[in-house]
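Engineer: My structure is below; once you've seen it, I'll send some questions.
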Amino acid sequence: MLYFIFSISFFLCLVLTPLVRFIAWKRGWLAIPVKDRWHKHPTALMGGIAIYIATAAPLFFITDFSTLLPHITLSLHNWSPTAAAPFSFPAVGACLWIGMTLLFALGLSDDFIQIKPYTKLVGQILAASLVTFLGFRLCWFTSLTLDTIVTIVWIVGITNAFNLIDNMDGLCAGVGLIAALHFALLFAGSFRNFGNLDLHSPAVIAMLLAGALAAFLIYNFNPASIFMGDCGSMMIGFTLAMLGLHYSQSGAGSRLASYSVPVMTLLVPILDTTMVTFIRLLSGRKASVGGKDHTSHRLVLMGYSEKGAVLFLYGIGTIAGISALFVSKSDTLTSPAVMMPLGLSIILMGVYLAQIRVYPEKEFSLLRGRAYTPILMELTYKRQLLLVLLDFFLITFSYYLSYRLRFDSQDFLFYFKVFLHSLPAVIACKFVAFFILGIYRGFWLFMSTNDVFGYIKASALATLLSLVAVTFIYRFENFSKGLFLMDWLLTTGLLLGTRGFFRISADMANRKTLAGETVFIYGAGRGGEILLREILNNKKHKIKPVGFLDDDALKIGKSLQGYPILGGFQDIERLFEKYKVSGLLISFNERESRDLGAVKAFCRKHNLFLKQFYIHLEPVDVETG
C-alpha cells in the first residue's frame, strides 16, 4: 500500500515540476543571484507548487474531513478542563491538510510579494494555534498551558527551520525526504508492514511527502534547474513538524522516545537553525536576514564541494533517523547508548563549525566589552575547559556503556542502581588521573605519538584509581572486573577518538581549503615533509603542492603525507605537461648531490619560479645592542 502511495505522489511531482518550471520562466518567476545568496545563475522558482499538489491532492481524497466539524462543535459547546480531548486519526490527516494548505498559501504570498518576516510569523502562529485548538499537542508536559505553548513553538520552529535550510541545491528537499521516510518507518513499525496499513495511517502522509520530494529532487539536486521557494519549504516543515508531534502524542514508544525521537528525526534542520540563530544574534546580525553562514556554507568553507556538503548533511540526517528508529524500539535504560554518542558528535561538529569565520566582522561582537567578557574569552580561547566538559560526558558514557554491555536486560535493572551510586566516585578518580598525567596541558592540534601513549597511561591510571575507590567504598560488592576492563577500553578509545577528530578535522580543512600557485616539491625526504607541513599550516604562502619529485627510485609511486611522489627529475617534462605547475620548490640543502643547474635551466625554459626551503640555525651576537 505505502509503495503505491509513494509512486502516486512521485509521478505527480515528476510531471508537474517541469511544467511549473516552464511557466516560471515564461512569467519571470526567477531567483536572481544576490550577494547574500548562494546560487550564481537565474533559476526558476515556485517548485513548491508541484510538491504541494503532489502531496495535498491525494491526501485530500483519502482524508475524512467529516470528523472536523463534530470535533469543533464539541470543543466549542461541551468542553471542560477534565474532559478528554476528542481524538480520531482521520482528523489528523484533515488537520494536517488544512495546515499545509495555509502554510503553502502563506509561502506563495511571500514568493510573489515579499511579505514582512513578522507577517509570516503571525501566519505560522495562527496555523500552529489551529493545530492545538483541534487537540493535537506534543504531550511533553503535564501542564496544558506549557504544553500548548511548546507545541506552537515546535511547529513554528520546525517550519522556519526547513525554510532556513533551503539555502543550497537539493538540501531542503533531500533532508525532508530522509525525515519523511524515517517517519513512515516509525509509524509503520517495519518494512514488512508497508503493505498492511490502511489509508488513515500517518505513514501514508509521510510516504506521500517522501514521493513528492524524491521526484522534485531530480530537478533540484545540484545543479538545480528549479527552486521550491517558501511555498515549498514552509509546507514541508509544517508537515514534518506535525508528523513528529503526532508520534509524540500517540505514545508509540517509551516516555524518553516521545521527547527524543521527533528531535532526532529532524536533527539537521534543528542543528542548523539553532547554530545560525545563536551566532547571528551574538554577532549583532538579525536572525531573520538571509546569509551565507548556514551549516552547509560552513562545510563548503571547510573545503567540501557544494554536492559534498549536501551529501554530508544527508548522512547526518540518515544516521540520526536510524538512531531514532532504535530509540523508538528500546527502553529508557538502553536508549542512552545511542543518544549520548549521537549528541556528543553533533556538539563536536557544531562547536567546530561555529569557529569558522564567515563574515569579516568579529564573531560574538555583542559579548565584547561587557562585564563578563573575560569569562567568555576564557571559555572561547581556553579550549582545555571545553575538553574537560567533553571528557565529563565521555567518562559517564563509557562507564554506562560498560554496564549495558556487561549485563543483560534483566540484570541491568539491578546493576543500574550500582552504576548510579558509583558514578560520582569513578568520575572523580578519572579526572584526578587525567590531571596528574597532564592530558590537558597538551595541544590537540599537534598531537604526537607521545601524546597517544600519554592518553593510554592516563586512562589506565584512571581505571586503577576507580578500582581502588570502589573497593574501598563498596568493598567491590556487586562489581565486575571485566566491566572495568571494558570501561578502560571504551574510555581510551573515546579519548583518542575525540582528540583525533579535532586533529583530523583541522588537517582536512587545511588541505581542502588550500589555494594558490601549484608547485612540485623536489625532494621527498625529511625536508620535504617539513616544507609540506609549513605550507598546509600557513596559508600566507599561497602555494598548493601537486606532489613530490625525488630521484630515489624506491620512493616513486608512494606518497608522503597524502601527496604522491610522482617521479624523478628525469620525468619532469612529462609531469609538467600533465599538471602545468607554476613553480618548483627545492626541499634539500645545497650540499646534497643534485643537479641544480638542470633545475634552474628547466625553470628558465618554462618561465617557472624556483624557491628553496631550508632550516638554518644562525648564531646571534648577544654582546651587541
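Engineer: Rounded, prolate or oblate: which one fits the chain, using the alpha carbon gyration tensor with axes a ≥ b ≥ c (rounded when a/c is under 1.5, else prolate when a/b beats b/c, else oblate)?
Structural biologist: It comes out oblate by the Cα gyration axes.
Engineer: Under a 1.4 Å probe, what is the accessible area of the chain per residue, stated in Å²?
Structural biologist: It amounts to 49 Å² per residue over the chain.
Engineer: Toward the positive end of the charge dipole of region 391-512, about the Cα centre and with charges on Cβ (Lys, Arg +1; Asp, Glu -1), which of Tyr474, Leu461, Asn510 goes farthest?
Structural biologist: Asn510
Engineer: If you line up the long axis of helix 596-606 against the longest principal axis of the chain, both from Cα atoms, how many degrees apart are they, to the nearest 10?
Structural biologist: The angle comes out near 50 degrees.
Engineer: I'd like the accessible area for His200: 1.4 Å probe, protein heavy atoms, all chains in place, Å² to the nearest 10.
Structural biologist: Counting only protein heavy atoms, His200 exposes about 80 Å² to solvent.
Engineer: Could you tell me the accessible area of Leu217 in Å² (1.4 Å probe, neighbours in place), rounded to the nearest ten?
Structural biologist: Only protein atoms counted, so the area is about 30 Å².
Engineer: Return the whole-Å distance between the Cα centroid of region 542-559 and the Cα centroid of region 429-497.
Structural biologist: Region 542-559 and region 429-497 have Cα centres spaced 41 Å from each other.
Engineer: Hey, what angle do you get for helix 47-62 against the long axis of the chain, alpha-carbon based, 0 to 90 degrees rounded to 10?
Structural biologist: Taking Cα atoms only, the helix is inclined about 40 degrees.
Engineer: Still on this model: Using a 1.4 angstrom probe with every protein chain in place, what is the largest-first accessible-area order of Arg574, Arg404?
Structural biologist: Arg574, Arg404
Engineer: Size of region 169-269 along its principal axes in angstrom, Cα-based, largest extent first?
Structural biologist: The Cα atoms of region 169-269 stretch 42, 28, 19 Å along their principal axes.
Engineer: What is the calculated FRET efficiency for Phe476 to Phe416, with r their C-beta to C-beta distance and R₀ = 22 Å, to the nearest 0.05?
Structural biologist: Working: r = 18 Å, r/R0 = 0.82.
Plugging the Cβ-Cβ distance into 1/(1 + (r/R0)^6) gives 0.75.
Engineer: As I understand it, the dipole of the chain uses +1 on the Cβ of Lys and Arg and -1 on the Cβ of Asp and Glu, about the Cα centre. Which of Tyr563, Ala309, Thr492 lies farthest toward its positive end?
Structural biologist: Tyr563
Engineer: Round to the nearest 10 and report in Å² the accessible area of Phe65, as given by a 1.4 Å probe over the protein chains' heavy atoms.
Structural biologist: Phe65 has an accessible surface of roughly 60 Å² with all protein chains in place.
Engineer: Then there's this: Can you give the convex hull volume per residue for the Cα atoms of region 244-352, as a whole number of Å³?
Structural biologist: So the per-residue Cα hull volume is 113 Å³.
Engineer: Right, something else. By how many nm would the segment from Ile113 to Leu389 lengthen if fully extended, with 0.36 nm per residue of separation less the alpha-carbon distance?
Structural biologist: 94.6 nm
Engineer: Would region 542-593 count as rounded, prolate or oblate if I go by the C-alpha gyration tensor, calling it rounded below 1.5 in a/c and otherwise prolate when a/b exceeds b/c, oblate otherwise?
Structural biologist: Cα axes put region 542-593 in the rounded bin.
Engineer: Rounded to the nearest 5, what % of the DSSP beta bridges within the chain are antiparallel ones?
Structural biologist: Percentage antiparallel, nearest 5: 20.
Engineer: Take region 131-194, compute every pairwise Cα distance, and split them into 10 Å bins from 0; I just need the percent in each bin.
Structural biologist: 19, 31, 36, 14, 0
Engineer: Let me ask another. Taking 41 Å as R0, compute the FRET efficiency from the Cβ-Cβ separation of Phe60 and Phe278 and round it to 0.05. Don't skip to the answer; put the middle values down first.
Structural biologist: Working: r = 39 Å, r/R0 = 0.96.
Efficiency, from the Cβ-Cβ distance: 0.55.
Engineer: Put Thr295, Thr513 in order of accessible area, largest first, 1.4 Å probe: what do you get?
Structural biologist: Correct descending sequence by accessible area is Thr513, Thr295.
Engineer: Further, regarding this structure: Using only DSSP helix segments of four residues or longer, with each worth -39500 (n - 2.57), what per-residue ellipticity at 222 nm results for the chain after dividing by its residue count and rounding to 500?
Structural biologist: -21500 deg cm²/dmol
Engineer: Whole Å is fine, so just give me how far the alpha carbon centre of region 203-250 lies from that of region 291-344.
Structural biologist: 18
Engineer: Follow-up. Return the FRET efficiency for the residue pair Lys578, Ser505: r is the Cβ-Cβ distance, R0 is 30 Å, and the value is rounded to the nearest 0.05.
Structural biologist: For R0 = 30 Å, the calculated efficiency reads 0.45.
Engineer: Work out the length of the dipole vector of the chain about its Cα centre, built from +1 on the beta-carbon of each Lys and Arg and -1 on the beta-carbon of each Asp and Glu, and round it to the nearest 20 debye.
Structural biologist: Once rounded to the nearest 20, the dipole reads 840 debye.
Engineer: State the percentage of accessible surface on the chain attributable to carbon and sulfur atoms; use a 1.4 Å probe and exclude ligands, DNA and RNA.
Structural biologist: Accessible surface attributable to carbon and sulfur in the chain totals 66 percent.
Engineer: Could you order Leu16, Leu485, Leu575 so the one with the most accessible surface comes first? Probe is 1.4 Å.
Structural biologist: On the way: Leu16 35, Leu485 100, Leu575 5 Å².
Solvent-accessible surface, decreasing: Leu485, Leu16, Leu575.
The values are calculated or read from the model by the stated rules, or taken from the named source; none is laboratory data. Values in this document were obtained by computation on a predicted structure and should not be read as measured data. Glycine also receives a Cβ, built like all others from the backbone with ideal geometry; neighbour counts cover every protein chain displayed. When the accessible area is computed, the model is the full protein with side chains, heavy atoms only, and any ligands, DNA or RNA have been set aside. Shrake-Rupley method; radii C 1.70, N 1.55, O 1.52, S 1.80 Å.
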